[in-house]
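The next block holds one structure in the form of structure tokens; read it before the comments.
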Amino acid sequence: MIEGQDRTPLTRDFFDRPVLDVAPDLLGRTLVRSTPDGPIELRLTEVEAYAGEIDPGSHAFRGRTARNSVMYGPPGHAYVYFTYGMWHCLNLVCGPEGMASGVLLRAGDILTGAELTRKRRISARNDRELAKGPARLATALDIDRALDGTDAIAHPGAVLVVLHGTPPPRDQVRNGPRTGVGGDGATHPWRFWVEGDPTVSPYRAHAPRRRST
């Protein structure tokens, strides 16, 4: 565990900023997930920014729908989506209310509650793989669509909270294209990660899915 973590909860003002400011600033922050079996704490090591209706890679590129409505605010809430018919992914909404944007939480280092996450991530070969990738992270933290719209700002009974944690030095933050994003959004360098951290997932370029014949 990293020593000397700042356990001050992040405020809504932290998230009420442009997504490209919030995303790299989330690195090193501590995400706390309260479950009936006990708390899980994770230090964020990799994220991606999605800028709503100006971003071809965003779920909100074509406007508001029932699925993406949480992305339109208020900031500081969780946007959870289901993908490929089997996985959930966790995002944190940011920016002013009414303008969709969010940060996909791609990877992290489990600080507390590893024994709980191992039960959910039985295929992980070691603890570095428990939350190495967005679907793995959501599985490890027991995230599903029931948490879509959950307020992640500290309040009584909160099941998700983000603490100040231990942000890395600026010279350890790297950025590049987002994993698996194709089309006009493929080259946006909006993936951010902590250089050299073993929990960061490998980059994979977009590969078009083949249609069955």
- Task: Have a look at 122, 40, 110 and tell me which one the Gaussian network model of the chain (Cα, springs below 10 Å) gives the largest fluctuation.
- Result: 122
- Message: Report D for region 29-105 in µm² per second (integer): Stokes-Einstein, Kirkwood Rh on Cα pairs, 4 °C, 1.567 mPa s.
- Response: 98
- Tell me the Kirkwood hydrodynamic radius of region 65-116 in angstroms, computed as one over the mean inverse distance between distinct C-alpha pairs. 12.2
- So what's the projected area for region 5-181, the Cα convex hull averaged over all directions, in nm²? 10.0
- Just how much of residue 33 is accessible, in Å², when a 1.4 Å probe is used and the result is rounded to the nearest 10? 20
- Note on the structure: Everything considered on the Cα gyration tensor (a ≥ b ≥ c; rounded for a/c under 1.5, else prolate if a/b is larger than b/c, else oblate), region 96-165 must be described as prolate
- Taking N as its residue count, the alpha carbon Rg of region 122-213 over 2.2 N^0.38 Å: 1.34
- Task: Could you please put 151, 6 in sequence from largest to smallest accessible area, using a 1.4 Å probe?
- Result: 6, 151
- If you rank 17, 7, 67 by how much accessible surface each has, with a 1.4 Å probe, what is the order from largest down? 7, 67, 17
- Item | Length added when fully stretched, residue 171-residue 97, from 0.36 nm per residue minus Cα-Cα | 23.5 nm
- Query: Hey, any idea what Rg/Rh is for region 113-152, computing Rh the Kirkwood way over Cα pairs?
  - Reply: 1.01
- Each label sits 7 Å from Cα toward the beta-carbon; between residue 34 and residue 62 the label points are separated, in nm, by 3.9
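The values are calculated or read from the model by the stated rules, or taken from the named source; none is laboratory data. Bear in mind that the values here come from a model prediction, so they are computed numbers and not experimental data. Counting neighbours? That spans all protein chains shown, and the Cβs are built from the backbone with ideal geometry, glycine included. Ligands, DNA and RNA are stripped out before the accessible areas are found, and what is left, the full protein with its side chains, is counted by its heavy atoms. Shrake-Rupley method; radii C 1.70, N 1.55, O 1.52, S 1.80 Å.
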